Ligand code: FES
């Protein structure tokens, strides 16, 4: 699914998109250096689910691309490293932030999958409407 454009991701830009289900919110950003799973010529474009893996508070408004971090979560202070697959750096969470797999084609950024379980789900693709089906209506 198309989620953004390389040309629109300037320094400090954080965009949001829903994937793979309606209402499953993720953020897309370009960090300072190369990242695990990063795409683009410098491998610095990444996307993650926006819900903290501890108890589901949103961290999408707490992304600092220049520090390559999401958080600290406003609920219990977990911080995630966006350069290392969303690894927990500190705080109460014990599970990394789910990372959205990305591919680039002609400057467009596509989400192709998600690694890790989105908070509150037993299956990332169940109990909701797939976003691709929703956008085709
Ligand atoms: S919900 Fe984020 S640290 Fe608890």
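The values are calculated or read from the model by the stated rules, or taken from the named source; none is laboratory data. Everything numeric here is computed off the predicted structure, so don't read it as measured data. Note that we place each Cβ from the backbone using ideal geometry, even for glycine, and neighbour counts take in every protein chain shown.
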Inset, instruction - Could you grab the pairs with beta carbons closer than 6 Å, sequence gap of 6+ or different chains, first residue in the range 73-84 and under 23 Å from residue 34 (Cα atoms) and free of Cβ contacts under 8 Å to residues at least 40 places away in the same chain, second one within 7 Å of the ligand (Cβ to nearest atom) and assigned to a loop (DSSP other than H, G, I, E, B)? - result: 78/52; 78/54; 78/91; 78/92; 78/93; 79/91
Inset, instruction - Kindly indicate whether any position in the range 30-37 is at pLDDT 95 or above, within 17 Å of residue 17 (Cα to Cα) and assigned to a loop (DSSP other than H, G, I, E, B). - result: no
Inset, instruction - Please list, ordered by first then second residue, the pairs with beta carbon atoms under 6 Å, 6 or more apart or interchain, first in the range 110-127 and touching a residue at least 40 places away in the same chain (Cβ under 8 Å), second surrounded by fewer than 16 Cβ atoms within 10 Å (Cβ to Cβ) and in a loop (DSSP other than H, G, I, E, B). - result: 111/1; 119/56; 120/56
Legend entry - Unmet criterion (only one of (1) in contact (Cβ under 8 Å) with a residue 12 or more places away in the chain; (2) part of a loop (DSSP other than H, G, I, E, B); (3) away from the ligand (no atom under 12 Å from the Cβ)) for residue 54: (3)
Inset, instruction - Give the range 86-106 a look and list any residue that's touching a residue at least 24 places away in the same chain (Cβ under 8 Å), closer than 25 Å to residue 6 by Cβ and surrounded by fewer than 15 Cβ atoms within 10 Å (Cβ to Cβ), or say none. - result: 101, 103
Inset, instruction - With the condition kept exactly as written, say whether any residue in the range 65-74 is within 19 Å of residue 14 (Cβ to Cβ) and in a strand (DSSP E or B). - result: yes
Legend entry - Hits in the range 39-51 (condition: in a loop (DSSP other than H, G, I, E, B) and either surrounded by 21 or more Cβ atoms within 10 Å (Cβ to Cβ) or in contact (Cβ under 8 Å) with a residue 24 or more places away in the chain (or both)): 40, 50
Legend entry - Which listed residue is part of a loop (DSSP other than H, G, I, E, B) and touching a helix residue (DSSP H, G or I) at 6+ places or on another chain (Cβ under 8 Å), from 23, 12: 12
